[in-house]
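Working notes for the structure below.
The values are calculated or read from the model by the stated rules, or taken from the named source; none is laboratory data. In this text, all values refer to a predicted model and were calculated from it rather than measured experimentally. Here the Cβ positions follow ideal geometry from the backbone for every residue, glycine too, while neighbour counts run over all protein chains shown.
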Amino acid sequence: MQVFNAFLRVLRSKFGSAIIYIVLFFIVGIMMTRADSGTSVWEKTKMVMVIEDLDDTPESRKLVEFISEGNVVKDDFTNEDDITDAMYYTMLDYVVTIPKGYAEKLASGQTEGIIESRHMHESYAVANMGMLLDEYVSTVMAYRQLGKTPLEASEAACKALEAKVDVTIAQEEGKTEDAASMMLIYFRYMPYIFLCVIMNTLCPALVAMNKKDLRFRTDCSGLTPQSYTMQQFAASALYIVALWAVFTVVGAVINGVMFSGRLWLAVVNGLVFALFSAVFALFVSEFSPNPNVITAITQIASLGMCFLCGVFVDQALLGGGVLAAARFLPAYWYVRLIRMLNGDIVFTAGEAALCLGIQAGFVAVFVLLTILVHRARYVSAAPRKTAAGSAA
Amino acid sequence: MFLHNLKYEIKLVLRAKSFIIWLMLFPIILGTLFKVAFGSIYQNETFDTIPVAVVKISENEVFDEMLTALTTGEQPALKAISEEEAKAKEMLFDGDVKGILYVGKTVELSVSGRGMTQTILQEIVGRCRVYETVIRDTMATDPSSLEAVIKELSTEVDACREVPVTQGNPDVYVQYFYNLIAMVAICGCNTGLHVSIDNQANQSVVGARKNCSGTPKSINLTAGLIGSCISQGVSMIFCVTFLRFVLQVNFGGNLLLLYLCSVMAGCLGVAMGFFIGSVGRARFEVKVAIAMSISMVLCFMSGLMMGNIKGILAETAPWANRINPVAIISDSFYCLNIYSDYRRFLTKVLGMGIYIVIFTILGVLFARRKKYASI
Amino acid sequence: MKPTVVKIDNLVKRYGELVALDHFSLEIKEGEIFGLLGPNGSGKTTTINCLLSLLAYDKGEIEVFGREMTPTCYDIKSEIGVIMQNVAVLDELSVRENIDYFCGLYITDKEKRKACVEEAIRFVGLEDFVNFRPAKLSGGLLRRLNIACGIAHKPKLIILDEPTVAVDPQSRNRILEGIQELNRNGATVIYTSHYMEEVEQICTRIAIMDKGRKIAEGTKEELKGMIRNTESVSIEILELPGEIKEKITHLPHVYETEYDGTKLTVRCSGGKHNLIRILAVLQEAELGFGRVYSELPTLNDVFLEITGTALRDSKE
C-alpha cells in the first residue's frame, strides 16, 4: 500500500492547482449547459427574424402576420451592422424585406422576387423559410384563380398554410419517462470537462511519481512493477470516483434535478468516461511529459475528441465519414448514449449496454497499453540475463 | 549588443520544445481535426430518399395521389412501404423506416427521434396538407377552376429573392478556425513568459547571470520581446498558411491583412505572457498554469468550444466580448471576412494594439526592478 | 600598494527576522585570490549577490573598482565575471552558443568575441563537446561550461560562488588550476567555498564567515597564527596508562592530550622537537605503538577554535 498512500499524498500536494482546474471547468460546464438551449439543432424551432415592411399595405401586413406566426420577430436592431453581427453569431436567423410595390405586383400577378431575404448561415430552417415564402405566394396566386382579391387570397393562403401536421415521437413500450434534459445537456459536455480536469490534475502527480530517479529507487525495492502499476491504478481510481461524484452531485444540485429512472444511466455513463479519462492520463504519464506537453496533449485530445464525437457539435450535423471514424473514440459512444436518453435517437436497452460496454472496452485497452508501455520503458530497460547467461 | 541578443532570443524560442508543440503541432493537429469535423457538416443535407411506413386507416384520395408523386420520379423524396401498425412500429424502432404516416381523413406522422430526416418528413407531409386544403377549397367554391388552381400551384414560383449579406465567407464554422488562430496567438504567452523569467534575477539563474552582465536590462528585455514577437509571428504565418492553403479553409477577406492581423495577434499573446511572467514571484510552473488557464477561459468565452457562446455573451454581457483579447482577435478576422469596409476591422486592430501596449508597459514596470529583496 | 578592487563596508542584510549579513566589511586588493570560507548558510552567497547589486541590502556601502556599485553600473559589470553556484546556462543552446551568448552580453566586437569564446572553450577543456546541448553533459562538464560562460569575456574581477560543488576530483583540480591561471593572467578572484582544502590550496587571503559575520581574515599563515595549535601529533597506541598520559600532558608546549582507546592525539603550541619528546616518553615506559603522524593546523582548526564547532559539522 506504500505506493497507493504516497500517490494520494502527492495528489494532495497538487490539490491547489487541481482546485483551480476543477472550479474553472465547473464554471465552463455550467456555462455550456446554459448556452445550449436544450433543443437539438434540426428540431423545428422558432426562427429569430427581423421583418422590414417597406410596402406597408394590407397585403404586406398580412404577409408580416403570416411570417411572424410561430417565429420570434425582433425589432430592436438600430443599424445594419448589428443585424449582420447578430446573424453571424446565430442570434438572428433571417431577415425578410418586403420591398415597396409588393401589393401592386401581387395584384398584377408578378411573383418573381417580390420578397427579399437575407441570412448568413445555411441551415435547414433557413432553406425551409425560403420555400415557405415561395409556397405562400404560390398559394395566394392559386386562390387568385378563384377570383379572390389579393387581400382575400392572402387571407385564404394564410389559413391553408396554417394547417399543421401532428407529429408524435414514438417510444418503445414502458420507456416513456421524460428525461431531465437540462441535466442531460450538462452530461453531454462532461467528456470535455473530465478529460481536461483529470488530465491536468492526475498527470502531473503521476509524472512526479514516475520521475526517473524515483523509478530507479522503486525498481531497486522488492516491489513488483505489476504491484506498482496496480497500486497507482487503484489510487487514481479513488481520486476519479471522488471527482466524478463531485461533478455529478453538484451538477444535479445546480440544475435542480433529482436522479431517477434512465438518468441514472447517464450517471453511470459519466463514471465510465471518467475512468477512461483516468486511464488515458495514466497512459500519457508513462511517457513522463513536462507540464507544457501535458497541457498540449490535453487540449488536443479533449478538443479533438469532443469535436469529432459530437460533444460540441451535434452528432446529427457531423458527416457520415466523421462519425464512422468517431466510432473508434470512446466519446462517440458516450454521446450516443446521452442522445438516446434525450430521445434524439431510439433508446433500446441493448444499444445502451453496447455504448457502456464499448467505453469499458476502451478503458481495458488503455489499461493494457499502459502496462505494456510501462514494461517496455522501465522493466526492459534493466539489464536482463539472456539464455546464455550474459547481460543483454 | 541588441542584435546579438535578438539573434539568440530567436534561436532560443525556435528550439524550445514548447514552441514546436504549441505553435506548430497544435494548429496542425487541431486544424486538421476541425477540418475533418466541420468539412462534412453540410454533406448531411443532401436529400436522400427517406423510407417511411404507411399505415392506412381510411381512404384519402388526394393524399394517395400526392404520395404517388412523391415516391416516383428520378429522385423520389420518399419510399413508402405499406404495413400494419405493429410491424411499422417495429420497423421504426429497428431504423428500417424513419417515420410512420397514418393516413386517415388527415395525415399524421410518427417519428422516433428529433433529427433532420424527421423534420424533412414533417415538412413534406405539411406541404401535402396545404395542397389538400387548397384543392378542397376549390372543389367547394369553384370546381371549374380546379385545373387553373392546380396549374398555379404546380408552377415554380421564385418569389423570395435572396440578397447576399456579405462578400466574404458566411460559413459559421469558419469562426472555429478564427478561434483556433486566436488560440495559437494567445499561446504565445508561453514565449512571452520566458522573456520575463529569463531576465529576472529572482526567477531564474540565467536571469541572475544576465543581471550581472554589462548589457542593460532594457536592451535584454527589448531584444527578448522583439525576438519572441518575430518567432511568434513566424508561427502565426505558418498557422494561417497551413489552414488556408493546406486545409483550404476559406477565410474570405483580404489575405494579406489576415496575415498581418494574425502576426499582431501573436504579439498580443507574447505581451500577455510577458505581463503574467513579470507580476509576482510564483514558480515558473505555476505561472505556466496560470497563463494556460487564463488563455483557455478566454478561448472558451470567445467560442472555441461552442460557437454560439459569443452570441450569448453579446446579448447578456456585451462588455465581455469587448474586453476579451481572444474575442478581439477572432472578431478582427471576422470583420475582415464579413464587412466590406475596414472600419470595424480597424477598431479591433486598435483594440489589439492597446492591449499590446498596456501589457508591455505593465510588464516592463514590474520587470524593470533592478534589485531584489531575496533571490 | 595595490589598488582596492572591492570594498564592502558595514553591510547589513536581513530576511525578515533573520540577519543574513551582520555588519560585514571586506577589502580586496588587485591580484588577490580572495577566499570566502564558511559553512552553508553563513552568508557567502548573500554577500556575492549584494556585491553584484542583485540583492537589496539594508545598510552599508559597496564599492567596486573604487566606485559605488549600483544595478546600472554597466561599465563596472562589464569588468566582472560571475560563476554562479547553480549552473546558469540555456538548455536550448549548444556549448559554444551558450558561451557566445553570454560573452556577447559583454563584448560587441564579433571577431574579438569569437577569439574569446574559442579561448574559453580551450581553457575549460570542452573542445570535444562544443556542439553538445547542456542536457548531454556530465555534472563536471556542466560546471566547466558554467565557468566558461562566466570568464569568456576576460573580466578583471572574477567571482566564483562554490564552483566545485558536486564535481569529481579530476574536474575539481582542473577548475582550481584554471582559477590560478586566470589570476596569473591578471584577474582578481573572489572564491567562496565551504571546502577549506580548496581555499587553503589557492587563496592568497581568506575571510572566515559564520552567521553573517566575518570572524577572521588574513593569509592562511596569519589565520593559523591566530590560534594556539601549531602541531597535532597522533599516535596509534592500544594501551596507555593514565600516568603516562599525564606525563605527556606536562611536556613543554603541550596544551592538550586526548586518548580514545586506540589513538592518542597531542596538541602542541609552538616549540620544536615535540614529536621526539613524546615518543621518548612512550619508549621510556616501554609501550608499543603503531603509526605515528604529525599534522600542521588546518583552517578547520582555526574555525573550530574560534567558533567552538567544526566547519564541516556546523549547519550542514
**Study point:** Odd one out for C:Asn86 among (1) of a type outside the set (Lys, Arg); (2) part of a loop (DSSP other than H, G, I, E, B); (3) at pLDDT 90 or above
**Key:** (3)
Revision key, fill the gap. C:Thr219 passes all but one of the listed conditions (1) touching a Cys at 6+ places or on another chain (Cβ under 9 Å); (2) touching a residue at least 24 places away in the same chain (Cβ under 8 Å); the exception is number (2)
Review point. If B:Ser295 passes every condition in (1) part of a helix (DSSP H, G or I); (2) closer than 21 Å to B:Phe251 by Cα but one, which one does it miss?
Key: (2)
**Study point:** Tally, over the range A:95-122, of residues that are farther than 13 Å from A:Ile51 by Cα, surrounded by 15 or more Cβ atoms within 10 Å (Cβ to Cβ) and within 9 Å of chain B (Cβ to nearest Cβ)
**Key:** 4
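Restricting to the range C:254-312, and then to whatever is among the polar types (S, T, N, Q) and without any contact (Cβ under 8 Å) to a residue 12 or more places away in the chain, can you tell me which residue is surrounded by the fewest Cβ atoms within 10 Å (Cβ to Cβ)?
So the first thing to find is which residues in the range C:254-312 are among the polar types (S, T, N, Q), and the list is C:257, C:262, C:265, C:269, C:274, C:283, C:294, C:298, C:300, C:307, C:309.
From the residues that got through so far, the ones that are without any contact (Cβ under 8 Å) to a residue 12 or more places away in the chain too are C:283, C:309.
Numbers: C:Gln283: 11, C:Thr309: 13.
Going through the qualifying residues, I end up with C:Gln283.
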Review point. How many residues does the range B:77-102 contain that are over 21 Å from A:Ala125 (Cα atoms), away from chain A (no Cβ under 12 Å) and not in a helix (DSSP H, G or I)?
Key: 6
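Counting only residues that are aromatic (Phe, Trp, Tyr) and assigned to a helix (DSSP H, G or I), which one in the range B:207-251 is farthest from the other protein chains (Cβ to nearest Cβ)?
Residues of the range B:207-251 that are aromatic (Phe, Trp, Tyr), as a first pass: B:238, B:242, B:245, B:251.
Adding the requirement that they be assigned to a helix (DSSP H, G or I) leaves B:238, B:242, B:245.
Numbers: B:Phe238: 16, B:Phe242: 15, B:Phe245: 22 Å.
Ranking the candidates gives B:Phe245 first.
Tally the residues that are outside any helix (DSSP H, G or I), in contact (Cβ under 8 Å) with a residue 24 or more places away in the chain and at the interface with another protein chain (Cβ under 8 Å from one of its Cβ atoms), restricting the search to the range A:65-94. Walk me through how you get there before you give the answer.
Kept after step one, since they are outside any helix (DSSP H, G or I), are these residues of the range A:65-94: A:69-79, A:89-94.
Next cut, in contact (Cβ under 8 Å) with a residue 24 or more places away in the chain only: A:69-75, A:77, A:90-94.
Narrowing further to those that are at the interface with another protein chain (Cβ under 8 Å from one of its Cβ atoms): A:90-91.
Total meeting the criteria: 2.
When residues of the range A:340-357 are filtered for being at the interface with chain B (Cβ under 8 Å from one of its Cβ atoms) and either at positive phi or in a helix (DSSP H, G or I) (or both), how many remain?
Here is the first cut: in the range A:340-357, the ones at the interface with chain B (Cβ under 8 Å from one of its Cβ atoms) are A:343-346, A:348.
Add one more test, that the residue is either at positive phi or in a helix (DSSP H, G or I) (or both), and what stays is A:343.
Residues that pass the stated criteria total 1.
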Review point. Within the range B:189-206, can you find the residues that are in a helix (DSSP H, G or I) and either more than 10 Å from chain C (Cβ to nearest Cβ) or crowded, with 22+ Cβ neighbours inside 10 Å (or both)?
Key: B:Cys189, B:Asn190, B:Thr191, B:Gly192, B:Leu193, B:His194, B:Val195, B:Ser196, B:Ile197, B:Val206
Practice item. Scan the range B:112-123 for residues that are surrounded by fewer than 22 Cβ atoms within 10 Å (Cβ to Cβ) and in contact (Cβ under 8 Å) with a residue 12 or more places away in the chain and report the count. Key: 4
Check your understanding: Only one residue in A:Gly256, A:Gly222 is under 30 Å from A:Gln315 (Cβ atoms) and out of contact with any strand residue (DSSP E or B) (no Cβ under 6 Å at 6 or more places or on another chain). Which one?
Key -> A:Gly256
Revision key, fill the gap. Selection from the range A:295-322 of residues buried (at least 19 other Cβ atoms within 10 Å of the Cβ), in a helix (DSSP H, G or I), modelled with pLDDT under 85 and of a type outside the set (S, T, N, Q) yields A:Ala296, A:Ala316, A:Leu317, A:Val322
Revision key, fill the gap. The one condition B:Gln122 fails out of (1) farther than 28 Å from A:Ala125 by Cβ; (2) touching a strand residue (DSSP E or B) at 6+ places or on another chain (Cβ under 6 Å) is (1)
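Mind checking whether some residue in the range C:184-200 is surrounded by fewer than 21 Cβ atoms within 10 Å (Cβ to Cβ) and touching a Leu at 6+ places or on another chain (Cβ under 6 Å)?
Applying the first criterion (surrounded by fewer than 21 Cβ atoms within 10 Å (Cβ to Cβ)) to the range C:184-200 yields C:184-186, C:195, C:197, C:200.
This time we only want the ones that are touching a Leu at 6+ places or on another chain (Cβ under 6 Å), so: C:200.
Taking every residue of the range C:184-200 in turn, at least one turns out to be surrounded by fewer than 21 Cβ atoms within 10 Å (Cβ to Cβ) and touching a Leu at 6+ places or on another chain (Cβ under 6 Å).
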Point to revise | Meets criteria (in contact (Cβ under 8 Å) with a residue 24 or more places away in the chain, more than 19 Å from the chain's Cα centre (by Cα) and within 16 Å of B:Cys261 (Cβ to Cβ)) for B:Cys189 | key: no
Review point. Mind checking which pairs have a first residue in the range A:295-319 that is facing another protein chain (nearest Cβ under 9 Å) and a second that is outside any helix (DSSP H, G or I) and among the aromatic types (Phe, Trp, Tyr), Cβ under 7 Å, 6 or more apart or different chains?
Key: A:Cys306/A:Phe312; A:Val311/A:Tyr189; A:Ala316/A:Trp42
Practice item. Would you mention how many residues in the range B:289-314 are crowded, with 20+ Cβ neighbours inside 10 Å, facing chain A (nearest Cβ under 7 Å) and at pLDDT 85 or above? Key: 1
